[in-house]
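Structure first, then comments.
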Amino acid sequence: EKGTYPHYMLKEMDEQPTVIRKIIQAYEGENGDLTIDANILEALRAADRLYIIAAGTSYHAGLIGKQYFEKMAGIPVEVHISSEFGYNMPLLSEKPLFIFITQSGETADSRQVLVKIKELGYPTLTITNVPGSTLSREADHTLLLHAGPEIAVASTKAYVAQVAVLAVTAYVTAKANGKGLEFDLKQELAIAANGIQTIIDSKDVLEDIAEDYLKISRNAFFIGRNIDFYVSLEGALKLKEISYIQAEGFAGGELKHGTIALIEEGTPVFALVTQEAVGLNIRGNVKEVAARGAYPCIIAMAGVDEDGDRLVIPQVHELLTPLVSVVPLQLISYYAALHRRCDVDKPRNLAKSVTVE
Ligand code: F6R
């Protein structure tokens with residue numbers, strides 16, 4: 001039940017710190033270290049390449065998962081949109097493991113890939129929020145998100161849970177493979193949970209930003225580099241689906257290859273700056289759009305922030321920034337939708353589980 005909340009989406013965004021803490025508990029072994037089921041770990045270690053299959057927000061989580069497995073565990077990963085995979089099947093490695101990321105566990109586009117992959121006899125793992133769902137039952141293995149039921153059509157806490165569970169899975173695999181990781185993921189996830197809480201506690205700032213930037217806009221851009229680019233895609237999807245504002249996420253460096261032609265006087269451009277290595281580059285992109293009349297909103301992480309940034313979010317481990325940087329984007333979308341009197345929990349033309357291909 002949504003209780004005193006006006007919308008499920010708001011309730012579910014508020015639950016995000018708790019969801020991360022639940023994941024830490026759920027994946028804690030007897031000795032207190034993070035762990036996953038031994039059979040799943042074996043399947044991950046046996047694979048020479050992971051193929052992540054997902055749709056929508058879950059696909060965006062998959063893009064981040066690729067970085068986790070490649071950077072922490074050194075396992076190559078491909079991420080595919082499930083509806084494209086059927087007729088666009090890539091050449092497979094010798095020992096692939098297929099990972100299906102799906103909040104509902106019922107998405108038809110993802111299921112048809114699972115059916116095909118099972119026919120081919122390859123091992124499969126579903127990461128889902130719904131125990132007993134179709135994709136959970138039909139895959140060899142399941143990892144649960146522990147996010148609790150997600151009712152709002154726009155996915156928020158499930159995305160954060162997907163990113164966290166992917167981090168745990170990659171980290172545990174890396175450790176089992178003897179990779180010397182220099183951080184304690186459990187601790188870093190706890191810091192991220194606190195970081196999300198800080199943002200949630202100052203929601204009114206996001207309401208102001210939504211009013212300032214999006215009250216009358218027809219379109220908006222989200223830009224970032226590296227992992228921030230993937231979060232930009234998710235921020236744009238959230239805004240589109242609940243506020244109906246045309247929005248796109250772009251890699252900062254791609255703007256000059258075409259998109260910058262769309263910038264007009266006052267076009268809102270949300271720029272994520274959480275990665276030190278690309279901080280100067282993305283700030284350069286912000287200058288480029290500002291010089292053409294855009295209205296930029298820089299959302300920077302503490303430690304890489306500068307005077308004039310519109311919002312500074314708490315500092316977390318550089319791999320875990322999506323967990324916190326997505327939250328202001330979710331809240332901005334929420335308030336933009338409210339300002340426009342949209343049905344936040346049940347946007348037009350959308351269903352919570354998409355059970356048609
Ligand atoms: C966006 C959203 C959708 C879903 C997509 C996949 O907010 O909810 O893009 O992420 O339909 O659904 P699942 O994860 O249930 O397979």
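Total residues in region 220-266 satisfying the condition of being assigned to a strand (DSSP E or B), aliphatic (A, V, I, L, M) and within 14 Å of the ligand (Cβ to nearest atom): the figure is 1.
Condition check for VAL205 on (1) part of a helix (DSSP H, G or I); (2) within 16 Å of the ligand (Cβ to nearest atom); (3) under 30 Å from GLU265 (Cβ atoms); (4) not polar (S, T, N, Q): one failure, at (2). Taking region 46-65 as the range and being more than 10 Å from VAL77 (Cβ to Cβ) and either in contact with a helix residue (DSSP H, G or I) (Cβ under 6 Å, 6 or more places away or on another chain) or within 16 Å of the ligand (Cβ to nearest atom) (or both) as the test, the residues that pass are ILE53, ALA54, ALA55, GLY56, THR57, SER58, TYR59, HIS60, ALA61, ILE64.
GLY132 meets each of the listed conditions (1) over 18 Å from GLY65 (Cβ atoms); (2) part of a loop (DSSP other than H, G, I, E, B); (3) free of Cβ contacts under 8 Å to residues at least 40 places away in the same chain; (4) within 13 Å of the ligand (Cβ to nearest atom) apart from (4). Which residues, taken from region 213-223, are of a type outside the set (Lys, Arg) and either farther than 23 Å from LYS256 by Cβ or touching a residue at least 60 places away in the same chain (Cβ under 8 Å) (or both)? If the condition is that a residue be of a type outside the set (Lys, Arg) and either farther than 23 Å from LYS256 by Cβ or touching a residue at least 60 places away in the same chain (Cβ under 8 Å) (or both), then TYR213, LEU214, ILE216, PHE221, PHE222, ILE223 are the ones that fit.
Conditions (1) modelled with pLDDT under 95; (2) within 28 Å of SER202 (Cβ to Cβ); (3) outside any helix (DSSP H, G or I); (4) acidic (Asp, Glu), marked per residue:
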| position | (1), (2), (3), (4) |
| --- | --- |
| GLY3 | yes, yes, yes, no |
| PRO6 | no, yes, yes, no |
| VAL19 | no, yes, no, no |
| LYS22 | no, yes, no, no |
| ALA43 | no, no, no, no |
| ILE52 | no, no, yes, no |
| ILE64 | no, yes, no, no |
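TYR59: assigned to a helix (DSSP H, G or I) and aromatic (Phe, Trp, Tyr), yes or no? When the stated conditions are applied, TYR59 passes them.
Listed here are the residues, each with its yes/no results for (1) within 16 Å of the chain's Cα centre (by Cα); (2) at pLDDT 95 or above; (3) buried (at least 16 other Cβ atoms within 10 Å of the Cβ); (4) under 19 Å from LYS240 (Cβ atoms).
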{"site": "PRO314", "(1), (2), (3), (4)": "no, yes, yes, no"}
{"site": "LEU319", "(1), (2), (3), (4)": "yes, yes, yes, no"}
{"site": "SER325", "(1), (2), (3), (4)": "yes, yes, yes, yes"}
{"site": "GLN330", "(1), (2), (3), (4)": "yes, yes, yes, yes"}
{"site": "TYR335", "(1), (2), (3), (4)": "no, yes, yes, yes"}
{"site": "ARG348", "(1), (2), (3), (4)": "no, no, no, yes"}
{"site": "GLU357", "(1), (2), (3), (4)": "no, no, no, no"}
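In summary, LEU189 fulfils each of the numbered conditions (1) in contact (Cβ under 8 Å) with a residue 60 or more places away in the chain; (2) within 13 Å of the ligand (Cβ to nearest atom); (3) crowded, with 23+ Cβ neighbours inside 10 Å with the single exception of condition (2). Residues that are surrounded by fewer than 21 Cβ atoms within 10 Å (Cβ to Cβ), within 16 Å of the ligand (Cβ to nearest atom) and either among the polar types (S, T, N, Q) or in a strand (DSSP E or B) (or both) within region 81-93 comprise ILE81, SER83, listed in sequence order. On the stretch given as region 305-356, residues that are within 12 Å of the ligand (Cβ to nearest atom), polar (S, T, N, Q) and closer than 21 Å to LYS11 by Cα total 3. Among the listed residues TYR244, TYR295, TYR230, identify the single one that is aromatic (Phe, Trp, Tyr), within 23 Å of GLY65 (Cα to Cα) and in contact (Cβ under 8 Å) with a residue 60 or more places away in the chain. Exactly one of TYR244, TYR295, TYR230 is aromatic (Phe, Trp, Tyr), within 23 Å of GLY65 (Cα to Cα) and in contact (Cβ under 8 Å) with a residue 60 or more places away in the chain, namely TYR230.
Residues checked against (1) of a type in the set (S, T, N, Q); (2) within 8 Å of the ligand (Cβ to nearest atom); (3) buried (at least 23 other Cβ atoms within 10 Å of the Cβ):
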site: LYS95; (1), (2), (3): no, no, no
site: PHE98; (1), (2), (3): no, no, yes
site: GLY105; (1), (2), (3): no, yes, yes
site: VAL113; (1), (2), (3): no, no, yes
site: LEU120; (1), (2), (3): no, no, no
site: GLU138; (1), (2), (3): no, no, no
site: VAL153; (1), (2), (3): no, yes, no
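When we screen GLU42, GLU70, GLU30, GLU78 for residues that are without any contact (Cβ under 8 Å) to a residue 12 or more places away in the chain, in contact with a strand residue (DSSP E or B) (Cβ under 7 Å, 6 or more places away or on another chain) and away from the ligand (no atom under 16 Å from the Cβ), the only hit is GLU70. Somewhere in region 169-182, is a residue among the acidic types (Asp, Glu) and either modelled with pLDDT of 95 or more or assigned to a helix (DSSP H, G or I) (or both)? The answer is no, given that none of the residues of region 169-182 is among the acidic types (Asp, Glu) and either modelled with pLDDT of 95 or more or assigned to a helix (DSSP H, G or I) (or both). Restricting attention to region 304-317, the residues that are out of contact with any strand residue (DSSP E or B) (no Cβ under 9 Å at 6 or more places or on another chain) and touching a residue at least 60 places away in the same chain (Cβ under 8 Å) total 1.
The values are calculated or read from the model by the stated rules, or taken from the named source; none is laboratory data. Since this is a predicted model, take the numbers as computed values, not measurements. In this analysis, Cβ positions are derived from the backbone assuming ideal geometry, glycine residues included, and neighbour counts consider all displayed protein chains.
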